[in-house]
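Asks: The following block contains the structure, expressed as structure tokens.
Every number here is computed from the coordinates shown, using simple stated rules; none is lab data. These figures come from a predicted structure and were not determined experimentally. Neighbour counts run over all protein chains shown; Cβ positions are idealised from the backbone, glycine included.
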Amino acid sequence: MTDPRKKYQEYLWAPFTQMGDLDEEVEPLVIVSGEGSRVTNIDGKEFIDGHGALWLNNVGFGRQEMVDAASEQMQQLSYFPSFAGMANNVALELAERLVDIADRENMSRAFFSSGGSEAVETALKVSRQYWRLKGRDRKYKVIARRQAYHGVTMGALSATGMAMNRQLFEPLVPGFRHIEPPHCYRCPYDVEYPDCGLVCAKELERTIKFEGPDTVAAFIGEPVMGAGGVIVPPDGYWQEIERICRKYDVLLISDEVITGFGRTGDVFGCRHWGVRPDIMVFAKALTSGYLPLGATLTTEDIFEVCLGQHGQGREFRHGTTYSGHPAACATALVNLDITEKEGLVDKARDNGAYMLKRLRELESLPAVGNVNGLGLMARVELTQKDDVPFPPEQLTGLKISRQLMRRGVILRALGDVISLSPPLVITQDEIDTMVDGLGEEIEKLT
Ligand SMILES: Cc1ncc(COP(=O)(O)O)c(C=O)c1O
């Protein structure tokens, strides 16, 4: 039998991968099975999955009840659309459940899609339709943040604030603006919290005023920025953003694709700061990755404006084939059951605090510039002395993550930030193995 790794080289076009860099020494990691927080590769070698696959595996691998839910649902009804007055019963049940969970945020409607980018597209289009139907035609601009990651489709990419992701695909969708992120460790304004007066949040107000409040439809942000380097905002930041959005009639979109359903130690990321968004975006942990699913939740006000009264003939002319796929929705329902039954949100909070405490021990190493995190989402930034970044061409973060892989720990390098986002079922022993391994590999740098 051909080694599947050869197929990787010959047939696959993998996302976000410089495939030419993989060679005899650095082979693709081909995983064949998983159990709890561990996965096993094609050679039978076991790894702790310190990144929850792709920030998404909350309930752990190999959950029979998830598999049963999908399989029973496929036998019962493999697929039926939600278009034009049709629906399947499971999508209805999940919509009710999500609205229920997001009660405190005042959400009242759920629109389904196949993943995070699509769920973001939905949020962006809802925002534009909302203001247009309110007669405020010029209110179409969206403000997002540099370093944000909101996906890869053209709308979501236009909101994304990573230059490398954007530049080859320009021109992007018109009407997107970006402000600086709340990144205290590498503050773009070179000021210190709290004396800074939250200048990064205030920039939203200045930008809205500059653009003209009657032209700005929405602000979109991840409660804790993920792919941009696990950036936890300082206290007061989100409250200030919310205040500004309310003042200028700007819809607040919380992109909870990573932070939704427990990762940060609360049910939603925005709950840490008591923020009530107008639109919430979910994917990833909604099914823990067992099947693809995205959801965009809105308030009743937005729903009503977008659809209008009976007889007005308004509809939201948007939707993809797999919106509300029954097997994905059935899996999501069981995923939410497990999350509740096993107290995974509390586990993320408690084990997250433990993981952060252990990671902070690494701050004494000369090559560790910064450690931060919230719940089971954390960053370790590798630097030279006095916070000076390593030269990018040295690929320091990537080398550390490859070394860790050799010792059976999967962590992700976002440049020189090592990011941790393990399944919420991870044990403290497994956290110790990850952190000890990381510390030893970083020590070798000096
Ligand atoms: C915050 C955020 N939004 C949106 C997305 C896009 O989701 P997807 O990759 O499912 O399209 C991601 C993916 O990582 C994300 O982290």
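Asks: Going by the alpha-carbon gyration tensor, a ≥ b ≥ c the square roots of its eigenvalues, is the chain rounded (a/c under 1.5) or, if a/c is not under 1.5, prolate (a/b greater than b/c) versus oblate? Let's see the in-between values first.
Replies: Details: a/c = 1.69, a/b = 1.20, b/c = 1.40.
Oblate.
Asks: Treating cross-link reach as a plain straight distance, find the aspartates and glutamates whose alpha-carbon is under 13 Å from the alpha-carbon of LYS284, omitting any fewer than eight places away in the same chain.
Replies: Partners found: GLU118, ASP255, GLU256.
Asks: Describe numerically, in nm with one decimal, the distance between label points set 7 Å from Cα along Cα→Cβ at ASP137 and at GLN428.
Replies: 6.4
Asks: Which residues make up the longest stretch of the chain that has no chymotrypsin sites (Phe, Trp or Tyr not before Pro) in a DSSP loop with at most 12 other Cβ atoms within 10 Å?
Replies: Between the exposed loop sites, the longest stretch runs 190-446.
Asks: Using the Cα gyration tensor of the stretch 265-321, with a ≥ b ≥ c the square roots of its eigenvalues, what is the shape: rounded (a/c below 1.5), prolate (a/b larger than b/c) or oblate (neither)?
Replies: In terms of gyration-tensor shape, oblate.
Asks: Return the loop-located trypsin sites (Lys or Arg not before Pro) in the stretch 6-65 (DSSP other than H, G, I, E, B) with at most 16 other Cβ atoms within 10 Å of their own Cβ; answer none if there are none.
Replies: Counting only loop positions with at most 16 other Cβ atoms within 10 Å, the trypsin sites (Lys or Arg not before Pro) in the stretch 6-65 are LYS45.
Asks: In addition: Return the calculated 222 nm mean residue ellipticity for the chain, to the nearest 500 deg cm²/dmol, obtained by summing -39500 (n - 2.57) across DSSP H runs with n ≥ 4 and dividing by the residue count.
Replies: Estimated from H runs of four or more residues: -11000 deg cm²/dmol.
Asks: Using 0.36 nm times the number of residues separating GLN9 and GLU340, minus their current alpha carbon distance, what extension gain do you get?
Replies: On the way: separation 331, 0.36 × 331 = 119.16 nm, distance 4.17 nm.
Taking 0.36 nm per residue and subtracting the Cα distance, the gain is 115.0 nm.
Asks: Count the net charge of all other residues whose Cβ sits under 15 Å from the Cβ of THR433, scoring Lys and Arg as +1 and Asp and Glu as -1.
Replies: Local net charge: -4.
Asks: When only Cα pairs under 8 Å and 6 or more residues apart are kept, what is the percent relative contact order across the stretch 67-341? Walk me through the numbers before you get to the answer.
Replies: On the way: 521 pairs, mean separation 79.2, N = 275.
Relative contact order here is 29 percent.
Asks: Find how many whole Å separate the alpha carbon centroid of the stretch 12-69 from the alpha carbon centroid of the stretch 262-335.
Replies: 27
Asks: On a straight-distance basis, which lysines could pair with LYS6 in a cross-link, Cα separation under 25 angstrom, same-chain partners fewer than 8 positions away excluded?
Replies: Straight-distance partners of LYS6: LYS45, LYS399.
Asks: Next up: Translational diffusion coefficient of the stretch 346-446 at 4 °C, 1.567 mPa s, Stokes-Einstein with Kirkwood Rh over Cα pairs, in µm²/s as a whole number.
Replies: Estimated via Stokes-Einstein, D reaches 97 µm²/s.
Asks: Right, here's the next one. First measure r as the distance between the Cβ atoms of PHE16 and ILE42, then evaluate 1/(1 + (r/R0)^6) with R0 = 22 Å and state the FRET efficiency to the nearest 0.05.
Replies: 0.55
Asks: Here's another thing I want to ask about it. Rounded, prolate or oblate for the stretch 163-281? Axes are the square roots of the Cα gyration tensor eigenvalues, ordered a ≥ b ≥ c, and the cut-off for rounded is a/c under 1.5.
Replies: Taking the square roots of the gyration eigenvalues as a ≥ b ≥ c, the stretch 163-281 is rounded.
Asks: Taking 0.36 nm per residue of separation and subtracting the Cα-Cα distance, what length does fully extending ARG317 through ASP350 add?
Replies: So the chain would gain 7.5 nm between ARG317 and ASP350.
Asks: What is the gain in length, in nm to one decimal, between GLU72 and ASN165 on full extension, counting 0.36 nm per residue of separation less the C-alpha to C-alpha distance?
Replies: Details: separation 93, 0.36 × 93 = 33.48 nm, distance 3.96 nm.
That works out to 29.5 nm of additional length.
Asks: Shifting gears a bit: Along the principal axes of its C-alpha atoms, what lengths does the stretch 33-146 span, in descending order and rounded to whole Å?
Replies: Largest to smallest, the principal-axis extents are 61, 42, 28 Å.
Asks: Just list whichever of LYS125/LYS247; LYS385/LYS444; LYS347/LYS444; LYS247/LYS347 have alpha carbons separated by over 25 Å in the model shown.
Replies: Beyond 25 Å: LYS347/LYS444; LYS247/LYS347.
Asks: Here's a follow-up. Along the stretch 148-155, what does the Karplus equation 6.51 cos²θ - 1.76 cosθ + 1.60 (θ = phi - 60°) give for ³J(HN,Hα), rounded to whole Hz, x for Gly and Pro?
Replies: 6, 10, 10, x, 10, 5, 4, x
Asks: Given H placed on each backbone N at 1.01 Å, which residues far from GLY369 in sequence or on other chains put an amide H within less than 5 Å of it?
Replies: Residues meeting the amide H criterion: GLU381, LEU382, THR383.
Asks: Follow-up question, since we're still on this one. Please compute the net charge surrounding GLY226, taking Lys and Arg as +1 and Asp and Glu as -1 over other residues with Cβ under 13 Å from its Cβ.
Replies: +2
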